[in-house]
Amino acid sequence: MSKRRGSITRSSNTKTLTVDCPEGKKVAGGGGSTSVTTGQIALFESRPVDGDTWQVSAAENNSVSGNWTLTVYATCIS
C-alpha cells in the first residue's frame, strides 16, 4: 500500500484536483482537505475517477480573501 498526495493553491472560488496512483497500482480510497478550517470551504466531491485516480472538488461557501489550498490524498494498492 502506498499513499499519493497533490495540492493546488490559488484564489479561485472552486478547485478540482486529481491524484494518480503509480503505474501498476489501483486506488483503494482517498480524500481531501483545505487550508481554510472555518467552514468557509466545502468539499462537494470526493470519488474515484477511474481505477487508479482519485478526485476531490471544493468550493467557497463565503468569499475567502486571498489564496487557499486544496490537498488530495489517494491510497493505492497493488
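Among residues belonging to region 1-23 that are touching a residue at least 40 places away in the same chain (Cβ under 8 Å) and not in a strand (DSSP E or B), point out the one that is nearest to Trp68 (Cα to Cα). The residue in question is Ser11. Counting the residues of region 21-39 that are farther than 16 Å from Ser78 by Cβ and surrounded by 15 or more Cβ atoms within 10 Å (Cβ to Cβ) gives 5. Scanning region 56-78 for residues that are among the β-branched types (Val, Ile, Thr) and part of a loop (DSSP other than H, G, I, E, B) returns a single hit, Val64. Residues of region 17-50 that are small (Gly, Ala, Ser) and either over 13 Å from the mean Cα position of the chain (by Cα) or farther than 20 Å from Asn62 by Cα (or both): Gly24, Ala28, Gly29, Gly30, Gly31, Gly39, Ser46. If you go through region 24-55 and keep only what is outside any strand (DSSP E or B) and touching a residue at least 12 places away in the same chain (Cβ under 8 Å), you end up with Gly24, Lys25, Ser35, Val36, Gly39, Gln40, Gly51, Asp52.
Could you list, in sequence order, all residues of region 46-78 that are closer than 15 Å to Arg5 by Cβ and among the hydroxyl-bearing types (Ser, Thr, Tyr)? Within region 46-78, Ser46, Thr53, Thr69, Thr71, Tyr73, Thr75 qualify.
Any read-out appearing in this document is the output of simple, stated calculations on the displayed coordinates, not a laboratory observation. Quick caveat: nothing in here was measured; it's all calculated off a predicted structure. Methodologically, a virtual Cβ is constructed for each residue, glycine included, from the backbone with ideal geometry; neighbour enumeration extends over all protein chains shown.
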